[in-house]
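The structure under discussion appears below in the form of structure tokens.
The values are calculated or read from the model by the stated rules, or taken from the named source; none is laboratory data. This structure is a prediction, so every number in the text was calculated from the model and none was measured. Cβ atoms come from the backbone with ideal geometry, glycine included; neighbour counts cover every protein chain shown.
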Amino acid sequence: MDIKPFEKKVWLSSPTMHGEELKYITEAYETNWMSTVGENINEVERQMAEKIGCGYAVALSCGTSALHLAMKLAGIKPGDEVLCSDMTFDATVNPVVYEGGVPVFIDTERDTWNMDPVALEKAFELHPTAKVVVAAHLYGTPGKVEELRSICDAHGAVLVEDAAESLGATYKGRQTGTFGDISAISFNGNKIITGSAGGMLLTDSKEAANKTRKWSTQSREAAPWYQHEELGYNYRMSNVIAGVVRGQIPYLEEHIAQKKAIYMRYKEGFKGLPVSMNPYNPSVCEPNFWLSCMLIDANAMCKQVRGESEALYVSEPGKSCPTEILEAIAAINAEGRPIWKPMHMQPIYRMNAFVTREGNGRAKTNAYISGGATGADGLPLDVGADIFHRGLCLPSDNKMTPEQQDVIIEVIRRCFE
């Protein structure tokens, strides 16, 4: 196959618009409901609560604002330890710090790439005062959410579910975003459906929903003048953004089916290579397949070293690494991405506690970086750092054609020659 760069870039995951979005945006314009009230907001709240299966959905400016108000609802106070997913985007964790909380990072498990329930139980032993858990569903694959929920209940802890990446994914037939005491979803530009921005807080509590609406509109009191008795925020979703979301909602299942087809084509195309796809158990969950990811077998990794902003590798016959593959993809005008760098490895959070299923994980992380600390399976005990080292996100745009994907697969296969 003669491989030439794509004329038009193949993105990791870009917005897919259908036309109905413009109808609702125009409706907001023509009726002059251009601010943070209007029919589009009312409808997206109603439709999403119904689709997801929760009592209330509160439309906010972004997923991060939803997570921030979730932390306030959870009652986090300055100095409180909060048990958090480790391998995730930092928007999962930063809102804990907004409220003065201290994140304690819980290692990842290999079955789903999400929070390890065994490590969470260990964390409660090591940090018995913790009363809030923040768990994310990575790349659209649900974590072992029933186990996490059970552990939280046993320790009297609030579960905040970050379902920003997993809208439409189900665990035992139940939508993610319904297992947490409070949950958040995102409509960022690259998500499974988008508003260009926007997010939602999900809850079954009318009181929590009302508090969220109040806080998100600068905590205005019911008075004829501007009366404020507590701290508020400008976090409400715009009626214009809500119009985009409203036009996207009917296409959620279609987008998921397209993303699943991409995942399955990669899986078939990589047969015979020393790689695997981001895992899930079809008997218990159905992801939304937001991003297709791959993990290189440990014995097929060429030498790779990453600094804070640069990476080096040594090409070896029959082997490859994420850096080499991402460079090869970029050379044909396609976008890939490294796996989320775990929070305990980030400069901002390096001094925070980190818990693996074996207990305190700091020594193991350091040993892993220098080439030691492996488990019975020969793999590093610091699971998140290992997946970050060997994994990458593949072009997963649902406008990518099968022919374009075939070219990407061939480029990746050649990296192992």
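Results, tabulated for the structure shown:
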{"quantity": "Residue within region 325-332 that is closer than 23 Å to residue 108 by Cβ and under 25 Å from the mean Cα position of the chain (by Cα) present", "calculated": "yes"}
{"quantity": "Single residue of region 100-141 satisfying the filter (of a type in the set (Gly, Ala, Ser) and closer than 27 Å to residue 392 by Cβ) that is surrounded by the fewest Cβ atoms within 10 Å (Cβ to Cβ)", "calculated": "119"}
{"quantity": "Test for residue 405: is it more than 20 Å from residue 116 (Cα to Cα), polar (S, T, N, Q) and at pLDDT 95 or above", "calculated": "yes"}
{"quantity": "Residue pairs meeting the criteria (Cβ under 7 Å; at least 6 apart or on separate chains; first outside the structural domain of residue 85 (by TED's automatic domain parsing) and farther than 14 Å from residue 311 by Cβ, in region 327-345; second in a loop (DSSP other than H, G, I, E, B) and of a type in the set (Gly, Ala, Ser))", "calculated": "329/336"}
{"quantity": "Residue within region 299-308 that is closer than 27 Å to residue 8 by Cα and either at pLDDT 95 or above or among the small types (Gly, Ala, Ser) (or both) present", "calculated": "no"}
{"quantity": "Residue tally, condition out of contact with any His (no Cβ under 6 Å at 6 or more places or on another chain), surrounded by fewer than 24 Cβ atoms within 10 Å (Cβ to Cβ) and of a type in the set (Gly, Ala, Ser), over region 187-219", "calculated": "6"}
{"quantity": "Residue in region 61-81 that is more than 30 Å from residue 243 (Cα to Cα) and of a type in the set (Val, Ile, Thr) present", "calculated": "yes"}
{"quantity": "Residue 199 being within 16 Å of residue 64 (Cα to Cα), touching a residue at least 12 places away in the same chain (Cβ under 8 Å) and either touching a Ser or Thr at 6+ places or on another chain (Cβ under 8 Å) or not assigned by TED's automatic domain parsing to the domain that holds residue 73 (or both)", "calculated": "yes"}
{"quantity": "Residue 175, sole failed condition from (1) surrounded by 24 or more Cβ atoms within 10 Å (Cβ to Cβ); (2) closer than 25 Å to residue 49 by Cα", "calculated": "(1)"}
{"quantity": "Failed item, numbered, when residue 149 is tested on (1) outside any loop (DSSP other than H, G, I, E, B); (2) surrounded by fewer than 24 Cβ atoms within 10 Å (Cβ to Cβ); (3) in contact (Cβ under 8 Å) with a residue 40 or more places away in the chain", "calculated": "(3)"}
{"quantity": "Some residue of region 179-186 being in the same structural domain as residue 93 (by TED's automatic domain parsing), in a loop (DSSP other than H, G, I, E, B) and surrounded by 24 or more Cβ atoms within 10 Å (Cβ to Cβ)", "calculated": "yes"}
{"quantity": "Matching residues, region 22-49, being within 30 Å of residue 204 (Cβ to Cβ), in a helix (DSSP H, G or I) and either of a type outside the set (S, T, N, Q) or touching a residue at least 24 places away in the same chain (Cβ under 8 Å) (or both)", "calculated": "24, 28, 39, 40, 41, 43, 44, 45, 46, 47, 48, 49"}
{"quantity": "Hits in region 381-414 (condition: of a type outside the set (Val, Ile, Thr), surrounded by fewer than 19 Cβ atoms within 10 Å (Cβ to Cβ) and part of a helix (DSSP H, G or I))", "calculated": "402, 403, 404, 406, 410, 413, 414"}
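One line per residue, one yes/no per condition, for (1) closer than 18 Å to residue 391 by Cβ; (2) of a type in the set (A, V, I, L, M); (3) free of Cβ contacts under 8 Å to residues at least 24 places away in the same chain:
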residue	(1), (2), (3)
262	yes, yes, no
277	yes, yes, yes
281	no, no, no
284	no, yes, no
293	yes, no, no
298	yes, yes, no
